Amino acid sequence: MYVFGKNVALEILKKGDKIKKAYIYKDFNDKNIISALQKSKICINYCTKMELDKLANGNHQGIILSVPDYEYADISELVNGNNDLLVILDHLEDPHNLGAIIRTCEAAGVNGIIIPKDRSVSVNSTVMKVSAGALENIKISCVTNLNNTIKYLKDNGFWIIGTDMCGTPYDKIDYSGKIAIVTGNEGNGMSKLVTESCDFIASIPMRGKINSLNASVATGIIVYEAIKCRR
């Protein structure tokens, strides 16, 4: 797949991940990136802006990399210790939301993110760009069935905390131990079965005229509340 943007390119180069080919604007002036590509013996194609625009539907910042498709982690790789913090995304559809959530989770030190295979956004070039390189530093597992995954987590000692308007105030919940925070779909929220599988439902008070927050913003609020309480 194609990934683009300077931050994404730097993170991929830093980790030494495989790059098939680099497409760079003919007047690209980031000497650090060019030097790193040359040291890694990556084939560089110098292109016009029009040629780059055809490859990437977004702000590529003059650099596009051809890389292998993203490799998801097995769910077992996310269950590592006695104080794991995971985020489950219940059929999110917007790649910008997923990218922003990945960036927040990486910054907060979340152990991993779980997404379903069907009816959900997957890791693509837009997600890579919005995550600003954070995707290279956090594990994501793509599972067949969220309800079975939640059961697996519970069997491994996790508490499941969902998010919804009707629940316990988010700052009144115990976030200690092994927990997984669930964020629902942008329009419909959490599915019925996932909601029923939650041990707690965290609610963020709405004092304005709108009745909900953007999925990535809501996830960030709950994640950082958990981080604060777990110190």
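The values are calculated or read from the model by the stated rules, or taken from the named source; none is laboratory data. Just so you know, these numbers come straight off a predicted model, no measurement behind them. When we count neighbours, we look across all protein chains shown, and the Cβ atoms used for this are built from the backbone with ideal geometry, even at glycine.
Picking from 212, 203, 191, 176, which residue would you name as being over 17 Å from residue 90 (Cα atoms), modelled with pLDDT under 95 and among the polar types (S, T, N, Q)?
Working: 212 fails: over 17 Å from residue 90 (Cα atoms); 203 fails: over 17 Å from residue 90 (Cα atoms); 191 fails: over 17 Å from residue 90 (Cα atoms).
Answer to the selection: 176.
Yes or no, residue by residue, for (1) in contact with a helix residue (DSSP H, G or I) (Cβ under 6 Å, 6 or more places away or on another chain); (2) at pLDDT below 95:
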residue: 87; (1), (2): yes, no
residue: 97; (1), (2): yes, yes
residue: 125; (1), (2): no, yes
residue: 136; (1), (2): yes, yes
residue: 152; (1), (2): no, no
residue: 161; (1), (2): no, no
residue: 165; (1), (2): no, yes
Just one listed residue, out of 74, 90, 53, is out of contact with any His (no Cβ under 6 Å at 6 or more places or on another chain), charged (D, E, K, R) and surrounded by 15 or more Cβ atoms within 10 Å (Cβ to Cβ), and it is 90
Among the helices (runs of 4 or more DSSP H) lying completely within the stretch 1-76, list those that include at least 3 residues that are closer than 30 Å to residue 117 by Cβ.
-> 6-15
